[in-house]
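Everything below concerns the one structure shown next.
The values are calculated or read from the model by the stated rules, or taken from the named source; none is laboratory data. Keep in mind the model is a prediction, meaning the values are calculated, not measured. Cβ sites come from the backbone with ideal geometry, for glycine too, and all protein chains shown count toward neighbours. Side chains are part of the model used for accessible areas, which takes the heavy atoms of the whole protein and leaves out ligands, DNA and RNA. Shrake-Rupley method; radii C 1.70, N 1.55, O 1.52, S 1.80 Å.
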Amino acid sequence: PRGPGDGRLSPAAGGEDCLWYVDRNGSWHPGFDCDFFTFCCGTCHQRYCCRDPLRLLTERQQRHCLVFSPRTIAGIASAVVLFIAIVTTVVCCFMCSCCYLYRRREQLRTPLQ
């Protein structure tokens with residue numbers, strides 16, 4: 001990317017911040033600040049600074065991109081499934097006589113003879 005004096009809009013350095021994003025290829029891009037009197041513009045997958053308020057991408061819109069991205073949903077779903085699997089395994093292990101946790105619990109329940 002070229003600088004602000006070369007005729008192109010710069011995706012770099014105060015006004016409306018562009019938050020980090022992931023492009024269509026899955027590459028991560030860090031957030032950046034826009035110059036005075038410029039705004040964060042673009043889409044969920046490509047962001048740049050511009051002076052056109054009609055193309056403004058608000059911080060709320062940017063966060064909406066992050067919340068509902070397929071990767072985010074897949075990550076949350078994976079975490080939930082993993083959590084349920086761990087809890088189910090632990091609960092089953094306390095109830096199954098062949099499991100170490102069940103035997104350990106039973107040892108603690110019955111007094112030593």
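I'm trying to understand the selection: among the residues of the range 66-85, which are closer than 20 Å to Trp28 by Cβ and open to solvent by less than 70 Å² (accessible area, probe 1.4 Å)?
Leu66, Ser69, Thr72, Ala74, Gly75, Ala79, listed by residue number.
Of all residues in the range 1-19, those being open to solvent by 50 Å² or more (accessible area, probe 1.4 Å) and modelled with pLDDT of 90 or more number 0.
Of all residues in the range 20-39, those satisfying the criterion of being buried (at least 18 other Cβ atoms within 10 Å of the Cβ) and either at pLDDT below 90 or touching a helix residue (DSSP H, G or I) at 6+ places or on another chain (Cβ under 8 Å) (or both) are Tyr21, Phe39.
Let's see how each residue does on (1) part of a strand (DSSP E or B); (2) in the same structural domain as Tyr21 (by the TED database); (3) at pLDDT 90 or above:
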| residue | (1), (2), (3) |
| --- | --- |
| Cys41 | yes, yes, yes |
| Gln62 | no, yes, yes |
| Leu82 | no, no, yes |
| Gln107 | no, no, no |
